[in-house]
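Heads up: the structure comes next, in structure tokens.
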Amino acid sequence: MSPPNVDSTMNLVRARSTLIASVCLLAGSPALSQTVRVLADSGWVSQRIVMLKGMGEVHSPSDSTRLATAVGINLVAPISRREGRRLWIMSTSGGDSGWVDSVDVLGLADAIPYFTRLIERQPDNWDAYLRRAEAEHALNQRDAATADYSKAIELHPAEAFLYLRRGRHYNTLRACARALSDFDKAITLAPTSAPQGYNLVVELYSLESSVYSGCPDSTRRDPRKAIEAIQRAIALDSSRGGARGFVILAGAYASSGDLAEAIKLMKQALAVPEAAPSYRQEWQRQLEEYERALAARGAKGP
């Protein structure tokens, strides 16, 4: 007997899970929880999921009763491993950041139809718009994501986290002015917004620095503001002076033309033990790019 076609099997699984998610939405949360648990047990490792509640919170490894948030956790995240009902989330800084219960997530492939049906029932549900936007962004449906992020903000304009997420989306689109506007708005709203397990303002200053230093639109790049923003972040949270801070500062100095300082900072970042293993290859590439640029400048002479 010939083996089954893998693509056909996966298509059947996706169709089945989409149908089940639709039925469960009508049946209520208990049915959804049971279904999600079955799907989680069928093999989530390396798959991307959408969190069904919260703003990226994950359980700390040492305490299953307390929630903690790791900077870099998104509402859409890949699963690094599974231990029973625990799904371990992979941080963008590398390694495991914590776990979520399998009943509190949905497979990325099933998220858009699920949240679409939820919105049809609850058209004022800003949270559903946010999560559908996150799924659309992850699946490169950029225009749809922009519309849904904006609708979430329209329905809940006082929440800083929504502006942070849309700002990150705009930054991906290289819409630098819009990204900076959203980050600035989020900074003003942060004191009265939902508390996070990390310093939201610090994260926003770090994001602003990246935009000021890396925007492809030269009229929006501002090395001085990039350096000021990351220095504010470091002043508020000394941990931002580590590897990630070095990389952001390196970009700021490179955009100002100080390649020697950028190279020094990139080397400092790479010298930090166990820092962001998933990004080290990209950091090494960036270092080599700065070194080539400096060598080319030297070859041209003064």
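The values are calculated or read from the model by the stated rules, or taken from the named source; none is laboratory data. If you're wondering where the values come from, they're calculated on a predicted model, not measured in any experiment. Cβ coordinates were reconstructed from backbone atoms using ideal geometry, including for glycine residues, and neighbour counts include every protein chain displayed. Note: accessible area is taken over every heavy atom of the protein model, side chains too, but ligands, DNA and RNA are not part of it. Shrake-Rupley method; radii C 1.70, N 1.55, O 1.52, S 1.80 Å.
Restricting attention to segment 271-293, the residues that are over 22 Å from the mean Cα position of the chain (by Cα) and open to solvent by less than 60 Å² (accessible area, probe 1.4 Å) add up to 4. Are any of the residues in segment 247-261 in contact with a Lys or Arg (Cβ under 7 Å, 6 or more places away or on another chain), touching a residue at least 12 places away in the same chain (Cβ under 8 Å) and hydroxyl-bearing (Ser, Thr, Tyr)? Scanning segment 247-261, I find at least one residue that is in contact with a Lys or Arg (Cβ under 7 Å, 6 or more places away or on another chain), touching a residue at least 12 places away in the same chain (Cβ under 8 Å) and hydroxyl-bearing (Ser, Thr, Tyr), so the answer is yes. In segment 60-75, is there at least one residue being at pLDDT 90 or above and buried (at least 17 other Cβ atoms within 10 Å of the Cβ)? Within segment 60-75, one or more residues are at pLDDT 90 or above and buried (at least 17 other Cβ atoms within 10 Å of the Cβ). Being of a type in the set (S, T, N, Q) and closer than 22 Å to GLU288 by Cα is a description that applies to SER255. If I filter segment 178-187 for residues that are buried (at least 20 other Cβ atoms within 10 Å of the Cβ), more than 18 Å from the chain's Cα centre (by Cα) and of a type in the set (Gly, Ala, Ser), do I get at least one hit? No; the residues of segment 178-187 include none that is buried (at least 20 other Cβ atoms within 10 Å of the Cβ), more than 18 Å from the chain's Cα centre (by Cα) and of a type in the set (Gly, Ala, Ser). Take SER150 and decide whether it is within 25 Å of ASN125 (Cα to Cα), surrounded by fewer than 18 Cβ atoms within 10 Å (Cβ to Cβ) and more than 18 Å from the chain's Cα centre (by Cα). So SER150 fails the test. For segment 209-226, does any single residue satisfy the condition of being among the aliphatic types (A, V, I, L, M) and either surrounded by fewer than 22 Cβ atoms within 10 Å (Cβ to Cβ) or free of Cβ contacts under 8 Å to residues at least 12 places away in the same chain (or both)? No, the conditions are met nowhere in segment 209-226.
Suppose the filter is within 15 Å of SER210 (Cβ to Cβ) and either part of a helix (DSSP H, G or I) or open to solvent by 30 Å² or more (accessible area, probe 1.4 Å) (or both); does ARG166 pass it? No: the conditions fail for ARG166. Residues in segment 166-174: is at least one modelled with pLDDT of 95 or more, more than 15 Å from the chain's Cα centre (by Cα) and on the phi < 0 side of the Ramachandran plot? Within segment 166-174, none of the residues are modelled with pLDDT of 95 or more, more than 15 Å from the chain's Cα centre (by Cα) and on the phi < 0 side of the Ramachandran plot. Counting the residues of segment 247-270 that are farther than 19 Å from SER218 by Cα and either more than 20 Å from the chain's Cα centre (by Cα) or open to solvent by less than 20 Å² (accessible area, probe 1.4 Å) (or both) gives 10. Among the residues of segment 188-208, those identified as among the hydroxyl-bearing types (Ser, Thr, Tyr) and either outside any helix (DSSP H, G or I) or open to solvent by 80 Å² or more (accessible area, probe 1.4 Å) (or both) are THR188, THR192, SER193, TYR198.
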